[in-house]
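Worksheet: one structure, shown below.
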Amino acid sequence: MPRPVLKPFVGIRREEFGVILYRGGSDQIQAIHPVAAYVLTLMDGRRTLREIAEALAGELGRGVEDAMEIVEVVLDRYADYVDLEGSHVKDLPSPEELLEGVPAEIPPEEALYGRLSAPTGFGYIVTHACPNRCRYCYAAAWRRTRLEDDLVPLDVMLRTVDEAADVGVKTILMTGGEPFMRPDLVDIVERGLKRDIFVYIPTKSLITEEKARRLSEAGLGWIQVSIDSPNPDTEDFLVGPGAHRRLTTTVRNLVRHGIDVRVNSVVTSYNVREVPRLIEWLYELGVSKISLSPYQSPHDRTDDDLFPSVGDYAWLLDRIEELPRHLREMLDPAGIRAIENAVRVNRDELEDVEALRRCSAGRSSLVILPDGRVSFCERVALDERFVVGDLRKQSLMEVWRSERLERLVYPPRELFSGTACHDCPLFDECTRLGKRCYVRAMDAYGEPFAPDPICPAAPRVEGRFV
């Protein structure tokens, strides 16, 4: 029989209001019933479904067959969080440890709108150094050609990873720049994997046979390679000379060493009509999953020519619907939703703040900078107003509990004086739900403490934001 296990990036833990099931570092957090929590804590890759049902039957004082029905209902409801036949085992809290004193009902949804007791994941900008010259890079203003002299020491990062694992962090997103420019990156990756943290690395680097072998031996299960076009001319135009050849070699080396390759593709005006062929080509290369990311402009570039037209986005959505099933199943649903949302925003079809995606910054995630300082969000990484701590001087949880971070999550109304937000009746709701984006506000109005320009109540401005 299968031995189900929670996926590597999934965690389950207790909060003040009850038990949550979550994908590390994201806004995908669910409050769950104690019975479902009991079942899920037994999905550690060591027990069969029958053994889980037997344990539940003993706990509830019911027959095994009745308990099996409950297990199957839980498995069906939380299928996105569980590998039915996973190849790994997972250390999870015991049901007794997790559930002692927990109320016998699902917590109200409103409980999830606040800040969690600890992050579920964090971003780590390894370096701002990068050999590529991607035309769509939001970090282009920070890009440098060589490593910083003041990178956070390895021992500080290893200590931080250990602390993160202890408080329930399940995902580390290592970005840049180009993460692999840090020579000891694999040591940090290896520590995270040993502590049951899912390490997520997006790269455009050349991964040699030797590096692919070492990553495989460290236990890295999958990696993201960023590829935008099957056409060498388009790829090299968007990323830089030789990019297509380099990235094709990288994918082949990783696949050869058993590492699952997933691709992120930024959809721009230059490649939007090539995406259907890109999906077919990546399937042929052995890629398992593809995320499509609508282009978002860097600051002060809200009128550039990289935005696809709304018609192009609609065309792409139609072509995706026509793809064979095995190719459609490669696509991350979140990427499809992002394109659909871009169409709705640019057609002024958003009706209220509920339609905006909830921001996880400061609520369930934060970002570590190359020198060890901590930022609210990677897209405002070098803005001192959003630096909330320093891991060379503080622990991760000292930063998480800081007044400076909390003030950015729940900004007081007076910070928005002189803007439409200040007198808006939706201000408290926007703040409570985490729907306001500082980055888009800066893009639109040059000031973070201003309306989110895609909010239906915001003053209209020229330019594109999604």
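Listed values, structure above:
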item: Förster radius 22 Å - calculated FRET efficiency between Arg115 and Arg392, Cβ distance, rounded to 0.05; result: 0.35
item: List Thr249, Thr160, ordered by accessible area with a 1.4 Å probe, largest first; result: Thr249, Thr160
item: Neighbour cut-off at most 13 other Cβ (10 Å), DSSP loop, GluC sites (Glu not before Pro), the range 3-78; result: Glu16
item: Solvent-accessible area, 1.4 Å probe, carbon plus sulfur percent, for the chain; result: 47 percent
item: Cysteines without a disulfide-compatible partner [the chain; Cβ-Cβ under 4.7 Å]; result: Cys130, Cys359, Cys377, Cys421, Cys424, Cys430, Cys437, Cys455
item: Taking the range 1-45 and dividing mean pair separation by its residue count, relative contact order in percent (alpha carbons under 8 Å, at least six apart); result: 41 percent
item: Contour minus Cα-Cα distance for Asp66 and Arg401 (0.36 nm per residue); result: 116.2 nm
item: Estimated FRET transfer efficiency when R0 is 51 angstrom, pair Ser417-His326 (beta carbons, to 0.05); result: 0.40
item: Where labels lie 7 Å past Cα in the beta-carbon direction, separation of Ile106 and Val255 in nm; result: 4.0 nm
item: Mean residue ellipticity (222 nm) of the chain, computed from DSSP H runs ≥ 4 via -39,500 (n - 2.57), nearest 500; result: -10000 deg cm²/dmol
item: Mean separation of Cα contacts under 8 Å, 6 or more apart, over the residue count of the chain: relative contact order %; result: 14 percent
item: Computed over the range 108-173: relative contact order in percent, which uses C-alpha pairs under 8 Å that are six or more apart; result: 51 percent
item: Where the chain is the region considered: accessible area per residue in Å², 1.4 Å probe; result: 44 Å²
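The values are calculated or read from the model by the stated rules, or taken from the named source; none is laboratory data. All of these numbers come straight from a predicted model, not from anything done at the bench. Every residue, glycine among them, receives a Cβ derived from its backbone with ideal geometry; neighbour counts consider all protein chains shown. Just so you know, the surface numbers come from the protein's heavy atoms only, side chains and all, with ligands and any DNA or RNA stripped out. Shrake-Rupley method; radii C 1.70, N 1.55, O 1.52, S 1.80 Å.
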